[in-house]
């Protein structure tokens, strides 16, 4: 047999078996799938999620010594995998649970991703993570808050954000403090859509508030509504002390416009993040929604702080200020990649074990959580939140509660326009 033929066979064997010295470029890349709504009524949130993850990729794949407290910022690439770079394959769930499920399947079976993140809407996270569970692929969610997501007995699903059960305590304690300042809080209207997110969060808050002696007025509506006049008329008729909005972006904008058109201003308007944090909401109706309270775990922080540096990077990338939802998505992504780095492997079981062992301190986070540590259901037991308010210009939320975090005093009653 000729030498040239033997050499060809040897090279072919090395390529086929992946012997040292013949590693391909792909061996230095870790692929992660991200399922978000890039089109549809929640497209703004999906696009901003993409910006958030792209900023995170910059921090992970390039050395950022100015962010050295963050686990992945000091080195260029993942030190645990020999400097491997992270690549994200984005998939559009189109605001559909079925599409989200199909995209998760494609990312796992065709793109061969090591893990998944997403999917913003709780109803889509529900279906997409079920596919990840079936295939034994880690799924880390940073922003979906329906309580039942971590009540399914799943072993591959992990969530970093605070959830509806946390909000019962946060909202009740906040409203109790507002009562001490003269506000009435006895009658609370829960305005929510019929999605997994809206129904689950409203149900959890209603149950918790009733246990604390508050009267609940339930006002539901169909998601992606085209007309909410009847719901606003109900609010005018019932005249609650507090209106708590649980809505995605397009609905939140429609409610603000309808409230203005019907000249309805509740004494206290409180929003459950979601659409009210979306930059698209602030651009569309921020100036007619002055005084709305909102839930958040994000604060820019003092100049030069890691959060301030990241906020600047995000604004340069997106053209918008960082909002709480994008921040929670970015934090979830950081936690996932940190686990891959500590695992030193893209083997799903090793990533899963590293996620279970996660124990991050507040100074290692860019969000204002008390840390990240997962309980046996995959929920971050150290997640927390504050209350912010849209003041002055109708463009900027400021932290107003609790007092230890406040940069401004709360302003009552709701101003609107």
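The values are calculated or read from the model by the stated rules, or taken from the named source; none is laboratory data. Quick caveat: nothing in here was measured; it's all calculated off a predicted structure. Cβ atoms come from the backbone with ideal geometry, glycine included; neighbour counts cover every protein chain shown.
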query: Within the range 98-112, is even one residue over 26 Å from residue 248 (Cα atoms), buried (at least 24 other Cβ atoms within 10 Å of the Cβ) and touching a helix residue (DSSP H, G or I) at 6+ places or on another chain (Cβ under 8 Å)?
result: no
- line: The condition of being within 17 Å of residue 138 (Cα to Cα) and surrounded by fewer than 20 Cβ atoms within 10 Å (Cβ to Cβ) holds, among 377, 370, only for 377
- line: Per the list (1) assigned to a helix (DSSP H, G or I); (2) surrounded by fewer than 17 Cβ atoms within 10 Å (Cβ to Cβ); (3) without any contact (Cβ under 8 Å) to a residue 40 or more places away in the chain, residue check on residue 66 breaks on (3)
- line: Within the range 296-333, residues under 16 Å from residue 64 (Cα atoms) and without any contact (Cβ under 8 Å) to a residue 24 or more places away in the chain come out as 304, 305, 308, 311, 312
field: Residue among 244, 254 that is surrounded by 22 or more Cβ atoms within 10 Å (Cβ to Cβ) and touching a strand residue (DSSP E or B) at 6+ places or on another chain (Cβ under 8 Å)
entry: 244
query: Does the range 350-359 contain any residue that is more than 16 Å from residue 138 (Cα to Cα), without any contact (Cβ under 8 Å) to a residue 60 or more places away in the chain, in contact with a strand residue (DSSP E or B) (Cβ under 9 Å, 6 or more places away or on another chain) and not assigned by TED's automatic domain parsing to the domain that holds residue 203?
result: yes
- prompt: Restricting attention to the range 30-49, and to residues there that are out of contact with any strand residue (DSSP E or B) (no Cβ under 6 Å at 6 or more places or on another chain) and part of a helix (DSSP H, G or I), which single residue is surrounded by the most Cβ atoms within 10 Å (Cβ to Cβ)?
  reply: 45
